[in-house]
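Beneath this line is the structure, given in structure tokens, with notes to follow.
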Amino acid sequence: MKLFKDNFEKIYAEYYNRMFLFAKEYVISEEDAKNIVQDVFLFIWEKKDILEIKVSLSAYLFTLIKNKCIDHLRHLNIADQFRKEYKAKLSALELLNEMTSSEEDLEKIIHDAIDRLPERCRIIFIKSRFERKKYHEIASELNLSPNTVENQIAVALKKLRKELKDYLPALLFML
């Protein structure tokens with residue numbers, strides 16, 4: 001568009017401060033607001049030959065700024081979510097480091113968790129996982145249906161996952 005080629009400096013001078021203040025209102029950081037405005041002007045300069053504006057120049061520029069601010073804030077939100085996730089993982093690792101200093105400690109934690117299972121659930125779990133018995137063998141030995149054995153194993157695994165959630169990365173490493 002010839003308007004931009006011939007009048008870019010004038011448009012820049014006329015709109016920069018207003019666009020900057022608008023962006024700063026939403027992104028807070030002066031540096032981020034400056035970058036957003038510069039990105040918009042760079043976009044306009046790069047597309048000056050093909051841009052077709054069907055609204056007022058002011059409305060067009062502020063729509064570009066608004067959209068850049070939205071993109072920026074979405075990016076910050078995603079980055080914040082990742083920071084929270086990493087912080088939780090770091091806390092879990094630090095807790096694991098404080099609570100366990102050896103493989104024996106982890107084994108004790110696992111055995112204590114298994115000991116806290118309901119009695120029938122614990123017996124079935126031990127027969128399945130430690131004695132390596134098949135569900136139908138356990139069912140026959142305990143006079144239960146194979147479905148009951150399967151359900152009890154599922155209950156045991158759910159309870160153990162919940163209780164040992166902070167230790168799972170270390171447990172996976174030990175396997």
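Just a few scattered comments:
- Test: residue in segment 6-25 that is among the acidic types (D, E), under 29 Å from L76 (Cβ atoms) and open to solvent by 80 Å² or more (accessible area, probe 1.4 Å): yes
- Within the span defined as segment 33-40, every residue fails to be open to solvent by 90 Å² or more (accessible area, probe 1.4 Å) and in contact with a helix residue (DSSP H, G or I) (Cβ under 9 Å, 6 or more places away or on another chain).
- For beta carbons closer than 9 Å, sequence separation of 6+ or different chains, a first residue in segment 46-66 that is under 19 Å from A13 (Cβ atoms) and free of Cβ contacts under 8 Å to residues at least 40 places away in the same chain and a second that is open to solvent by 90 Å² or more (accessible area, probe 1.4 Å) and not β-branched (V, I, T), the qualifying pairs are Y60/K54.
- Verdict on N147 being in a helix (DSSP H, G or I), modelled with pLDDT of 80 or more, of a type in the set (S, T, N, Q) and exposed (fewer than 12 other Cβ atoms within 10 Å of the Cβ): yes
- Complete set of residues in segment 110-136 that are open to solvent by 80 Å² or more (accessible area, probe 1.4 Å), farther than 30 Å from A92 by Cα and assigned to a helix (DSSP H, G or I): R120, H136
The values are calculated or read from the model by the stated rules, or taken from the named source; none is laboratory data. Predicted model only: the values in this text are computed from it and were never measured. Backbone-built Cβ (ideal geometry, glycine too); neighbour counts: all protein chains shown. Keep in mind that these areas ignore ligands, DNA and RNA; they rest on the heavy atoms of the full protein, side chains included. Shrake-Rupley method; radii C 1.70, N 1.55, O 1.52, S 1.80 Å.
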